[in-house]
1. Taking the conditions exactly as written (in a helix (DSSP H, G or I) and touching a Lys or Arg at 6+ places or on another chain (Cβ under 8 Å)), does R57 satisfy them or not?
2. Where the second residue is assigned to a loop (DSSP other than H, G, I, E, B) and the first is farther than 14 Å from P42 by Cα and lies in segment 1-19, which pairs have Cβ atoms under 7 Å and are six or more apart or on separate chains?
3. How about segment 6-20: which of its residues are open to solvent by 70 Å² or more (accessible area, probe 1.4 Å) and assigned to a helix (DSSP H, G or I)?
4. Scan segment 54-73 residue by residue and report those that are of a type in the set (G, A, S), on the phi < 0 side of the Ramachandran plot and open to solvent by less than 80 Å² (accessible area, probe 1.4 Å).
Amino acid sequence: MSGARRFTFRLALALGMTVREMLSRMSALELTEWQRYYDVEPFGEERSDLRAAIVARVIAQSNGARAAKLEDFIPRFERREARPQTAADQMAVFRALAARGKIVKE
């Protein structure tokens with residue numbers, strides 16, 4: 001989903017409408033103005049996640065994790081393209097499990 005499309009859903013959610021309803025009632029100019037406003041003052045869950053990450057980092061740093069970065073506490077939900085697992089990847093997992101005694105020989 002493109003960033004513009006995601007913004008459209010985010011705005012519709014904030015306004016309490018479906019995307020179709022919002023787009024039927026809003027001009028392209030107004031939608032663009034909302035996008036510019038969001039660029040200056042973000043709203044919604046991303047902003048909430050940022051606030052929570054700031055608090056989490058302060059707590060972590062006050063408990064000795066001085067190297068903690070804000071990015072460490074911000075959830076990422078974008079899907080990454082998974083590459084197919086190769087035989088070498090599978091063998092590496094098998095060896096790691098065997099080394100920890102997680103694989104039982106029968």
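1. Here the answer is yes, as R57 does meet what is asked.
2. A12/T18
3. Scanning segment 6-20 gives R6, F9, L13, R20.
4. The initial filter retains those residues of segment 54-73 that are of a type in the set (G, A, S), namely 56, 60, 62, 64-65, 67-68.
Filter again for on the phi < 0 side of the Ramachandran plot, leaving 56, 60, 62, 65, 67-68.
A56, A60, A65, A68 - these are the residues of segment 54-73 that are of a type in the set (G, A, S), on the phi < 0 side of the Ramachandran plot and open to solvent by less than 80 Å² (accessible area, probe 1.4 Å).
The values are calculated or read from the model by the stated rules, or taken from the named source; none is laboratory data. Only a predicted model underlies this, so the values are computations on that prediction, with no experimental measurement involved. Because the Cβ atoms are built from the backbone with ideal geometry, glycine has one as well, and the counts that use them run over all protein chains shown. Heavy atoms of the whole protein, side chains included, go into the accessibility calculation; ligands, DNA and RNA do not. Shrake-Rupley method; radii C 1.70, N 1.55, O 1.52, S 1.80 Å.
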